[in-house]
Amino acid sequence: MFFPGTENERHILKNVSLKVYDGDFISVIGNNGAGKSTLLNTIAGTLSADAGSINLENKNVIKKSVSYRSRWMSRVFQDPKMGTAGELSVAENLVLAESHVNTISLKWYNKKGQWEKFQELLKPLDMGLENRLKTQVKYLSGGQRQALSLLMATLSKPKLLLLDEHTAALDPKTSRDVMDLTDEIVNREKLTTMMITHKMSDALKYGNRLIMVQDGQITLDVSGEDKMKLDSEELVGMFDN
Amino acid sequence: MIISSLGQGLLWAPLVIGVFITFRILDIPDLTTEGSFPFGAAMTISLMINGQSAFIATLMGFVAGCLGGFVTGVLDTKLHIPSLLAGILTMTGLYSVNMHVMGKSNVPLLTQKVLTDYLPAWATTTQTIVLGIIITGIVILALYLMFKTRLGLSLMATGNNKNMSAANGINTDGMIIFGYTISNGLIALSGSLIAQSNGYADIGMGIGTIVIGLASVLVGEIFLRGRNILVRLSAMVVGAILYRFLLTVAMGLGFPPDDLKILSAIILVIVICVPILRNKLKTRKQLKIYLSQLTEGEQDEQVRSIKRPKFTKGVLSGDRE
């Protein structure tokens, strides 16, 4: 994936070039306003880049819409309310997430066999959601909603999973649970993942690669062995440069 | 009186269902209503005068409304005009279109056969009710089946959370345009039926229809609550009928027809306020019980068994958080 030079009044992403390999789990860190979210939004298509290219499996998708790109990528937002439709039930949300194509098909979406499958999926969350398939999502707690969002984002087995500070709005314990769940799912499904986080410990603990975004540029890109050697003191120190 | 408001209400039901689709499912107050309602009427009456059968004319009225809705949808999504303004623009534009379709501001039917004439020779009110039941039945059945498909689910999701829908591969612009289109098609269908029932199409017949539509949606929701889409659609029919009934009662009290518009507006204000007040009273009552139990020193278990009071919410914002 490459982003050669984008031009803008406020130059956010400059000469960003990033190649994401299959199976990478990248932690993205950087100070506020550095362009982490811009980077993710540009990849997802919410923001359009003025110049450059984004190649998804050798296909340039720079001009494509969010919904088109969603065939290959999924996203979990920071706000738990953003990733789920509150008025719809848990089951309906899962149906939506299951397939990102044929969204206007005239086939019945409510099939009996699906329910057992959804229950199986929800059981490992250990939140009792498997018995609340018919509950409207707006009645769930933030943690439950976020866990559901995460599950939904991974349900379609995306080529790229984008996590935008997805644990930031949760309490410490729920945050840890959701993070563990993330790690488990990503490892099990071998998903290529990019995760923005402000928690240095999470950035170091999870994933095989770490990039730091500062002033719209990638100032640090370490993976494997080198990443293991980093500690959080060192990282925080780098913020100042 | 009840019987006639039943018939009239059923003819207005498609309009209320149309308003329900934009207002409740897509969460957009769509003013195109005021233009597409007479558009349906104008199209139907003109075609009938030019020798088309009532069936074709009614169907074309529906299609005409769809076109109007499609235009608003494109203005809203593709040109990024705020939805309220997009509706106003289409509504204003449609005024001229309607004048061109009709040729003059009021076109009466002469001896043409309207839809009710195809029914057996019962009393006019019975014919109206039967026709209303048939058409409303078809509309509800079609929409019910539509909302059971993935397409319907995508439509609901788009109205509820656009970001999430786009992230899940739904073409949200397309869904919104689709919603506007069927909504206005139904509104125009209502216009077409009302024009046939009245025996004429009039350029001014759309004035105030959005208020009628919204008031009926809210009245229906006061009397019939539920999450099931079939219940919600039926509530719209109930709302349409009750609203007609309210107006008939007002007329019976001696209000002249000219005052009906302000009555409609007042009814809308009342039905918006009723659920808010009702919730407030309920909250207060629950709170009182809760507090009195606390002072009585009743311990945890009983306190827990009491439902937490629901917080008051504006009815216009629906049940959204």
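Here is a list of conditions, (1) surrounded by 14 or more Cβ atoms within 10 Å (Cβ to Cβ); (2) touching a residue at least 40 places away in the same chain (Cβ under 8 Å); (3) under 20 Å from B:SER190 (Cβ atoms), and B:ASP76 meets all of them except one; can you say which number that is?
Of the numbered conditions (1) surrounded by 14 or more Cβ atoms within 10 Å (Cβ to Cβ); (2) touching a residue at least 40 places away in the same chain (Cβ under 8 Å); (3) under 20 Å from B:SER190 (Cβ atoms), the odd one out for B:ASP76 is (3).
Pull up region A:75-90, narrow it to residues that are within 19 Å of the chain's Cα centre (by Cα) and assigned to a strand (DSSP E or B), then point me to the one that is surrounded by the most Cβ atoms within 10 Å (Cβ to Cβ).
Across region A:75-90, the extreme among qualifying residues is A:ARG75.
Does A:VAL236 fit the bill of being surrounded by fewer than 19 Cβ atoms within 10 Å (Cβ to Cβ) and touching a strand residue (DSSP E or B) at 6+ places or on another chain (Cβ under 7 Å)? Write out each step before concluding.
Numbers: surrounded by fewer than 19 Cβ atoms within 10 Å (Cβ to Cβ): yes; touching a strand residue (DSSP E or B) at 6+ places or on another chain (Cβ under 7 Å): no.
Judged against the criteria, A:VAL236 is not a match.
So, in region B:134-181, how many residues would count as being in contact (Cβ under 8 Å) with a residue 60 or more places away in the chain, hydrophobic (A, V, I, L, M, F, W, C) and facing chain A (nearest Cβ under 7 Å)?
Within region B:134-181, residues that are in contact (Cβ under 8 Å) with a residue 60 or more places away in the chain, hydrophobic (A, V, I, L, M, F, W, C) and facing chain A (nearest Cβ under 7 Å) number 1.
For B:SER4, all conditions in the list (1) under 12 Å from the mean Cα position of the chain (by Cα); (2) at pLDDT below 90 hold save one; what is the number of the exception?
Going through (1) under 12 Å from the mean Cα position of the chain (by Cα); (2) at pLDDT below 90 one by one, B:SER4 breaks only (1).
For region A:186-222, give me the residue count where each residue is more than 14 Å from the chain's Cα centre (by Cα) and under 17 Å from A:VAL16 (Cβ atoms).
Final tally of qualifying residues: 14.
Out of curiosity, is B:ALA215 crowded, with 20+ Cβ neighbours inside 10 Å, part of a helix (DSSP H, G or I), assigned by TED's automatic domain parsing to the domain that holds B:ALA13 and without any contact (Cβ under 8 Å) to a residue 24 or more places away in the chain?
So B:ALA215 does not fit the description; no.
I'm checking my understanding of the structure. Among residues of region A:83-127 that are within 7 Å of chain B (Cβ to nearest Cβ) and charged (D, E, K, R), which one is farthest from B:THR149 (Cα to Cα)?
A:GLU87
Return only the number of the condition from (1) among the small types (Gly, Ala, Ser); (2) crowded, with 18+ Cβ neighbours inside 10 Å; (3) more than 27 Å from B:ALA142 (Cβ to Cβ); (4) in contact (Cβ under 8 Å) with a residue 60 or more places away in the chain that B:SER264 does not satisfy.
(4)
So, restricting to helices (runs of 4 or more DSSP H) that lie completely within region A:157-241, which ones have at least 3 residues that are in contact (Cβ under 8 Å) with a residue 12 or more places away in the chain and either on the phi > 0 side of the Ramachandran plot or aliphatic (A, V, I, L, M) (or both)? Give the steps one after another, and end with the answer.
Values: elements: A:172-189, A:200-205, A:225-229, A:232-239.
The qualifying helices (runs of 4 or more DSSP H) are A:172-189, A:200-205, A:232-239.
Give the residues of region A:128-149 that are surrounded by fewer than 17 Cβ atoms within 10 Å (Cβ to Cβ), within 14 Å of chain B (Cβ to nearest Cβ) and either in a loop (DSSP other than H, G, I, E, B) or over 23 Å from the mean Cα position of the chain (by Cα) (or both), sorted by residue number.
A:LYS134, A:THR135, A:TYR139, A:SER141
Checking the condition more than 18 Å from the chain's Cα centre (by Cα), within 28 Å of B:ILE241 (Cβ to Cβ) and crowded, with 24+ Cβ neighbours inside 10 Å, which residue from B:ALA64, B:ALA86, B:ALA57 passes?
When all the criteria are applied, what remains is B:ALA57.
When the residues of region B:4-61 are narrowed to those that are in contact (Cβ under 8 Å) with a residue 12 or more places away in the chain and not in a helix (DSSP H, G or I), which ends up farthest from B:ILE212 (Cα to Cα)?
Looking at the filtered set, the residue picked out is B:SER53.
Within region A:25-71, can you find the residues that are part of a loop (DSSP other than H, G, I, E, B), touching a residue at least 24 places away in the same chain (Cβ under 8 Å) and within 10 Å of chain B (Cβ to nearest Cβ)?
Answer for region A:25-71, where residues must be part of a loop (DSSP other than H, G, I, E, B), touching a residue at least 24 places away in the same chain (Cβ under 8 Å) and within 10 Å of chain B (Cβ to nearest Cβ): A:GLY45, A:SER70, A:ARG71.
The values are calculated or read from the model by the stated rules, or taken from the named source; none is laboratory data. These figures come from a predicted structure and were not determined experimentally. FYI the Cβ positions are ideal-geometry reconstructions off the backbone, even for glycines, and counts take in every protein chain you see.
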